[in-house]
Amino acid sequence: MRIADDFGLGRGHDQVILSLLETGTLDGTSVMTGDAMRPEDVARLRTLRAHGAKVGLHLNLTQVIPGNHTVWPLSVLMRPRLNAPMLDEINASLSRQVDAFVDLFGSLPDYYDGHQHCHCFPAIVPLVTRLPYKTETWVRAPLPATWAGRWLNVRAGGVKVLVIMAFAARARSAFIKAGLKTNRDFSGFLRLNNPSSVQRWLPRLLFQAKPDCLIMLHPGDDTDQMQCAGHASGSRTIEARILMESPIK
């Protein structure tokens, strides 16, 4: 299952993701709620969802976008413990994002994931387990199922992937203990600050992934003014091109 992150980040990115969904190149996308999405783009995504595309909520605590003003440094969010006032603020932000998603799409998300994997950070996991869920809703666990898959993703994404996987392993256990569904397998770690590395590794990740593997992707438009810190704009265009050349198995 090929899932694009960051719908709602920028209008150029949204257009690329919508086109990839409409051609069947993607299976779904996760939405960063904010005020800048065009109503016609939301309508297109709602239609795609009605025809089977998965639309999730990309919980965002670090990326400034119009209409979502409260953000925190990544280094702070990754701490094992946060003080009660900060947790209350984070919880309120997550709740606002859920409410905004429901206002846009008329129902709860098909799944939850997190920008920069914030939903897997130790202090934030308990808040995620208390979000509203449909029976079929699941939560992304960014953890490949096999050691071979983990090693491949570390080679593709770098040493930081080991930290994310460690957080994901603990988070997945907590999600399951809370009665939540998660994906069985995962892939898609890349050095997004290095377009040549993306060019080299994404085709291999796509080729190696089993049909039930959730593949995290970041296609988009390198000319969009809205870009994520640490992501080279060219990497998004490279991902989009590779996806168009790699039909779903």
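Values quoted throughout were computed directly from the atomic coordinates according to the rules given, and no laboratory measurement underlies them. Nothing here was measured: the structure is a model prediction, and the numbers come from that model. Every residue, glycine as well, gets a Cβ built from its backbone with ideal geometry; the counts of neighbours run over all protein chains shown.
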Quiz item: Asn83 versus Glu40, label points 7 Å from Cα toward the beta carbon: distance in nm?
Solution: 4.8
Quiz item: Roughly speaking, what is the centre-to-centre gap between segment 77-123 and segment 124-143 when only Cα atoms are used, to the nearest Å?
Solution: 10
Self-check item: Helical segments meeting 30 Å axial Cα length and Kyte-Doolittle 0.0 threshold in the chain (DSSP H)
Solution: 84-105
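If the chain between His69 and Asn91 were fully stretched, how many nm would it gain, using 0.36 nm times the residue separation less the Cα-Cα distance? Could the numbers behind the result be given before it?
Working: separation 22, 0.36 × 22 = 7.92 nm, distance 1.42 nm.
Extra length from His69 to Asn91 when fully extended: 6.5 nm.
With +1 on each Lys and Arg Cβ and -1 on each Asp and Glu Cβ, how big is the dipole of segment 2-245 about its Cα centre, in debye rounded to the nearest 20? Kindly include the intermediate steps, with their values, before the conclusion.
On the way: 27 positive and 22 negative charges, 211 e Å.
Dipole magnitude for segment 2-245 comes out near 1020 debye.
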